[in-house]
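**Q** One structure follows; several queries about it will come next.
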Amino acid sequence: MSPRFSIIVPIYRVEAFLSDTIQSVTGQTHGDWELLLVDDGSPDGCPALCDRAAEKDARIHVIHQKNAGVSAARNTGLRQATGDYILFLDGDDQLAPHALESLKKTLESESVDVVLFQYATFSSNNPTPYPVRYSLASAPFHQGTEAFLTYLFRTYPDYGWGVFRQCCRREFLLTHQLFFREDLAMNEDGYWFFSLFQEAARFCWLDAVLYHYRIGNANSAVGRAPTLKSYFGDWTTYSHWYNWFQSHYHGEGRSILAGRMARGYVNSASTIYALPREDREAAMSLFCQHLDILPHSPRKSHRILYGVYRLWGVRAYLWTCHRALRIKQRLKRRG
């Protein structure tokens, strides 16, 4: 008999945190689960740690593969999973102790493809989880994807689309081939999030903190210096979904969703002048393919930057974006 939940953990250079991550699953108040530890060729002690964990608990399964990236690792786990519902857990994060029990109760009363839920942040210096609160009780869950996404990003323009923020029915994911793009080294979860909601017909909100997200891990993708590959991931996600929302949504939905993608497109451009010189021209070439996106960001500062583009061209625009980001980071560090 298949388990109720499959928890998929992509693993790469998280040796310092992995034991706690595994413990957060084995310590769940609901025990009908399988844990898939996908070792993505991690060069540290993670592979041995995974094997030891599997020896202690038959519900833990380990898959060792050559390093291919977090998307490939998640896809491997999804193909191997047998549970009714899928959760993605990063190797430095943790599930709340009651997470599976809460999901089980919700799924007993809701027949849905996707359950969204709350999360909290924590760090090594501040280990007590701090809830990141969103109130979606009034969201139009039964009026279709366009109405829901419009409400979501109108109410919370900075809503993050991390893959960890939802529990999905496995057969739904497989039927619609909702795998992760393995050519994206950044923002692969954003691309997947919007793909997910273009297919999901039934989804609901669980107002409970089920996931603890670690901040301040220097080895995580968000903590690394920008590269051409990371820019390509952002560029692909924002340009693709900008064009999709422009052509498929109407009225307020088009304005809000396409505007959110335009905002991301401009923000990601601020990293181009931080790239090595040999990669900068290639990134600029990508950026110039969608200059029509620039005036559609709703952010006031981006409208000012657009004036720089109109007056002095692309290079001046990108340099100004980069300098503005550096100043913002400097002010943030000063606190």
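**Q** Most fluctuating residue of 39, 189, 84 in a GNM of the chain with Cα springs under 10 Å: which is it?
**A** It is 84.
**Q** Students often check this: by mean Cβ neighbours within 10 Å, which of 296-307, 146-157 ranks highest, and how do the rest follow?
**A** Those peptides, ordered most packed to least, come out 146-157, 296-307.
**Q** If you build a Gaussian network model of the chain, linking Cα atoms that sit under 10 Å apart, which residue out of 227, 29, 175 swings the most?
**A** 175
**Q** Which of [x] 50, 23, 18; [y] 29, 24, 23; [z] 35, 24, 18 is the computed semi-axes √(5λ) of the Cα gyration tensor in Å for the structure on display?
**A** Only one option fits the structure, namely [z].
**Q** Pick from 94, 118, 23 the residue whose mean-square fluctuation is largest in a GNM of the chain, springs joining Cα atoms under 10 Å.
**A** 23
**Q** Something else now. Among the lysines, select those whose C-alpha is under 26 Å from the C-alpha of residue 104, and discard any that sit fewer than 8 residues away in the same chain.
**A** Reachable lysines: 56.
**Q** How much of the accessible area of the chain, in percent, comes from carbon and sulfur atoms when a 1.4 Å probe is used?
**A** Numbers: 7890 of 15590 Å².
About 51 percent, which is the carbon plus sulfur part of the accessible surface.
**Q** Another one. Which whole-Hz ³J(HN,Hα) couplings does the range 313-322 yield from phi under the Karplus relation 6.51 cos²θ - 1.76 cosθ + 1.60, θ = phi - 60°, glycine and proline marked x?
**A** Each residue of the range 313-322 in turn: x, 5, 5, 5, 4, 5, 5, 5, 4, 5 Hz.
**Q** With every protein chain present, what is the per residue accessible area of the chain (1.4 Å probe, Å²)?
**A** With the other protein chains kept in place, the chain gives 47 Å² per residue.
**Q** Please list, in order along the range 180-185, the HN-Hα scalar couplings obtained from phi with the Karplus expression 6.51 cos²θ - 1.76 cosθ + 1.60 (θ = phi - 60°), rounded to whole Hz, x for Gly and Pro.
**A** Once θ is set to phi - 60°, the couplings for the range 180-185 become 8, 5, 7, 8, 9, 8 Hz.
**Q** Along the range 144-150, what does the Karplus equation 6.51 cos²θ - 1.76 cosθ + 1.60 (θ = phi - 60°) give for ³J(HN,Hα), rounded to whole Hz, x for Gly and Pro?
**A** Result, ordered by residue: x, 5, 4, 5, 5, 5, 4 Hz.
**Q** What is the chain's relative contact order, in percent, from Cα pairs under 8 angstrom and six or more apart in sequence?
**A** Result for the chain is 16 percent.
**Q** Would you mind checking 229/328; 229/332; 66/328; 66/332 for any pair whose Cα atoms are more than 32 angstrom apart? Walk me through the numbers on the way to the answer.
**A** On the way: 229/328 24 Å; 229/332 26 Å; 66/328 39 Å; 66/332 38 Å.
Cα-Cα > 32 Å for 66/328; 66/332; rest within.
**Q** With r defined as the distance between the Cβ atoms of residue 229 and residue 312 and R0 fixed at 30 Å, what FRET efficiency is calculated, to the nearest 0.05?
**A** E between residue 229 and residue 312, to the nearest 0.05, is 0.55.
**Q** Separate question: Is the shape of the range 229-297 rounded, prolate or oblate, going by the alpha carbon gyration tensor and its root eigenvalues a ≥ b ≥ c, with a/c under 1.5 for rounded and a/b larger than b/c for prolate?
**A** Numbers: a/c = 2.72, a/b = 2.51, b/c = 1.08.
Here the range 229-297 falls in the prolate category.
**Q** Cβ neighbours within 10 Å, averaged per peptide: list 62-74, 245-257 in order, most packed at the top.
**A** 62-74, 245-257
**Q** Where the only charges are on Cβ atoms (+1 Lys, Arg; -1 Asp, Glu), what is the dipole of the chain about its Cα centre, to the nearest 20 debye?
**A** Values: 37 positive and 33 negative charges, 367 e Å.
So the magnitude is around 1760 debye.
**Q** Okay, moving on. If you take the square roots of the eigenvalues of the alpha-carbon gyration tensor of the range 272-335 and sort them as a ≥ b ≥ c, do you get rounded (a/c under 1.5), prolate (a/b over b/c) or oblate?
**A** It is oblate, given that a/c is not under 1.5 and a/b is not larger than b/c.
**Q** Still on this structure, I have one more. Taking a ≥ b ≥ c as the square roots of the eigenvalues of the Cα gyration tensor of the range 1-107, is the shape rounded (a/c under 1.5), prolate (a/b larger than b/c) or oblate?
**A** Note, shape of the range 1-107 comes out prolate.
**Q** Also: Counting only DSSP beta bridges with both residues in the range 1-160, tell me the antiparallel percent, nearest 5.
**A** Percentage antiparallel, nearest 5: 15.
The values are calculated or read from the model by the stated rules, or taken from the named source; none is laboratory data. Owing to the predicted nature of the structure, the values given are computational and were not obtained by experimental measurement. We place every Cβ from the backbone using ideal geometry, glycine too, and count neighbours over all the protein chains shown. Ligands, DNA and RNA are stripped out before the accessible areas are found, and what is left, the full protein with its side chains, is counted by its heavy atoms. Shrake-Rupley method; radii C 1.70, N 1.55, O 1.52, S 1.80 Å.
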